[in-house]
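Here is the structure we will look at.
Please treat every number below as a calculation from the coordinates, not as lab data. All of these numbers come straight from a predicted model, not from anything done at the bench. Please note: Cβ atoms are built from the backbone with ideal geometry, for glycine as well, and neighbour counts cover all protein chains shown.
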Amino acid sequence: MVDALHHSPLEDEHVALGAKLGPFGGWFMPIEYEGTLAEHRAVRERVGLFDLSHLGKVDVRGPAALDALQRTLSNDLTKVALGRAQYNQVLNDHGGVDEDLIVYRLTEDRWFVVPNASNTDRVVAKLTRIAGEDAVEPHPEWCFLGVQGPRALEVIGTAFHEASGLAYMSCLEASFRGTPIVLTRSGYTGELGFELFGPPEVARALWDELADVGAAFGIEPCGLGARDVLRLEMGYPLYGQDLRPDRSPLEAGMAWAVALDKPMLSGRDALLRQRAEGVPSRLRGLVTEDRRHIPRPRQEVLAGGEVVGKVTSGTFSPTLGKGIAMAYLSPAEAFEPGATVEIDIRGRHASATVVTPPFVERTPR
């Protein structure tokens, strides 16, 4: 039921804009406005404005913050300079991925953590056990807005002059009408982008400001449907589909996100064993021959008449005009880029080529 869900501070705005809203990660969020294809095109060609307030917003502060993050996350946080960001995962004892997230280092002792909606409470609990309640402060009521697309810098640079020189995966503490907010150069679309976090009292004014400034650059409100297509075109994995507790970052091709030499790394023994013995499967990209064959999650992937995996994410790529998907294929060494497999799409076997994502040529830098 909708009443059991969390609500964005901008929900009334989305309703007024005619958005189609629905449950997503325990929240009631805008899925689309004018339509996923139109919103996808707006981001790839101009600029889109997203409400992403369902995602976690967590401050970790004080002298115990770094140790808590080092013990909880997969990457080496000591390498993160002030004003920079780092991708991380939370691993279990078997080396599987329990969560993935971004960590921003705003000051010497202030870290801003953005987990997935469904895992925020678990991440907060882990960090609190190590750093203490006074060090960890979640902000579930805050807004989280994304400005994504080739013209994003023009929008943000007009509204926040201090952000004009912000490098990719960087962050700063900004002010909006006298209220402190967090502004980052990051995103999940593959385009140049910025993300903004702030308390609920500025949510509506901040949305309106970005929409008003962005009007000159063709900005459009965009829902989570378009965001999912955009991220999959870039081969960005989604937790709960492409990243799972029973799959390791080595299988996902994300060894770069794990500091195996870091003390207190969960799942280290399992990962070292897998690295020595070879991964049993590998997350690969798949491209179908045309728009008639659109893969969807949980559909079987076959080779030589045998099931060799299942689709984890699949959709129609408006950029390519074809179906695209990601799937763990086993054995890993048997399916290098260029190999051909089949996807069982509602009983029909559609030919697909194994590729290395991204599926489209874009860069967020």
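Packing-based ranking of 54-61, 148-155, 271-278 yields 148-155, 54-61, 271-278, ordered from highest to lowest mean Cβ neighbour count within 10 Å. For the chain, rounded, prolate or oblate, judged on the Cα gyration tensor with a ≥ b ≥ c (square roots of eigenvalues), a/c < 1.5 rounded, else prolate if a/b > b/c? Judged from the Cα gyration tensor, the chain comes out oblate (a/c at least 1.5, b/c at or above a/b). Working from Cα pairs under 8 Å separated by at least six residues, relative contact order for the stretch 87-226 is 19 percent. What separates the Cα centres of the stretch 142-172 and the stretch 300-356 is a distance of 36 Å.
Taking T319, T78, T340 as the candidate residues, the one with maximal mean-square fluctuation in a Gaussian network model of the chain, Cα springs under 10 Å, is T78. Around the Cα centre of the stretch 280-365, unit charges on the Cβ atoms of Lys, Arg, Asp and Glu (plus for the first two, minus for the last two) sum to a dipole of about 420 debye.
Quick one: net charge around E306, please, counting Lys, Arg +1 and Asp, Glu -1 for every other residue with C-beta under 11 Å from its C-beta.
Residues close to E306 contribute a combined charge of -2.
Residues considered: R247, R298, R185. Largest GNM mean-square fluctuation over the chain, using C-alpha springs under 10 Å, is found at R298.
Take the Cα of A216, step 7 Å toward its Cβ, do the same at R291, and the gap between the two points is 3.6 nm. Contact order, relative form, for the stretch 58-130: 32 percent (alpha carbon pairs under 8 Å, 6 or more residues apart, mean separation divided by residue count). In the stretch 18-160, taking the dipole from charged Cβ atoms about the Cα centre, the farthest positive-side position among Y87, F144, H54 is held by Y87.
What you get for the chain, charging only the Cβ of Lys and Arg (+1) and of Asp and Glu (-1), is a dipole of about 840 debye around the Cα centre.
If R0 equals 25 Å, the separation of the Cβ atoms of D121 and W256 corresponds to a calculated FRET efficiency of about 0.35. With a ≥ b ≥ c the root eigenvalues of the C-alpha gyration tensor of the stretch 280-365, is it rounded (a/c under 1.5), prolate (a/b larger than b/c) or oblate? Oblate, since a/c reaches 1.5 and b/c is not below a/b. At full extension, D134 and M264 could sit 44.5 nm farther apart than now, given 0.36 nm per residue minus the alpha carbon distance.
Rounded if a/c is under 1.5, else prolate if a/b beats b/c, else oblate: with a ≥ b ≥ c from the C-alpha gyration tensor eigenvalues square-rooted, which is the stretch 87-152? In terms of gyration-tensor shape, oblate. On the beta carbon distance between R177 and K79, with R0 = 25 Å, the FRET formula returns roughly 0.10. Taking springs between alpha-carbon atoms closer than 10 angstrom, which of G223, G95, G165 fluctuates most in the Gaussian network model of the chain? Sorting by GNM fluctuation, first place goes to G165.
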